[in-house]
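Asks: Please find one structure pasted underneath; my questions will follow.
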Amino acid sequence: MKIEDGFDSNYRFVLVAARRARQLQNGSQPLVSSHSTKACRVAQDEIAAGKVKYVRPETPVEKDQVDGARPGEAASNS
């Protein structure tokens with residue numbers, strides 16, 4: 001399977017399409033005309049047309065956040 005243009009992985013493409021499909025199911029209007037009435041296919045068509053974009057946050061996850069400690073606090077081992 002080839003990676004879609006504008007996406008760094010197929011996983012991210014699926015996440016974006018699923019989120020957009022949920023928006024369509026909840027009443028959002030389609031941004032492009034599609035031959036399908038299924039929300040998932042319409043979302044894929046919108047992405048292919050360049051109408052749906054995503055923003056990847058550049059905030060790195062710090063080890064303290066993963067361990068459950070707040071930033072700036074030392075993680076306790078007790």
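Asks: Could you go through region 51-73 and let me know if any residue there is more than 11 Å from the chain's Cα centre (by Cα) and modelled with pLDDT of 90 or more.
Replies: Looking through region 51-73, at least one residue is more than 11 Å from the chain's Cα centre (by Cα) and modelled with pLDDT of 90 or more.
Asks: Do you know which residues across region 23-57 are over 19 Å from GLY6 (Cα atoms) and in a loop (DSSP other than H, G, I, E, B)?
Replies: ASN26, GLY27, SER28, GLN29, PRO30, SER33, SER34, HIS35, SER36, THR37, LYS38, listed by residue number.
Asks: Out of the residues in region 2-32 that are under 14 Å from ASP45 (Cα atoms) and more than 15 Å from the chain's Cα centre (by Cα), state the one that is surrounded by the most Cβ atoms within 10 Å (Cβ to Cβ).
Replies: Only one residue tops the list, namely LEU31.
The values are calculated or read from the model by the stated rules, or taken from the named source; none is laboratory data. Please read all numbers here as calculations on a predicted model, not as lab measurements. Please note: Cβ atoms are built from the backbone with ideal geometry, for glycine as well, and neighbour counts cover all protein chains shown.
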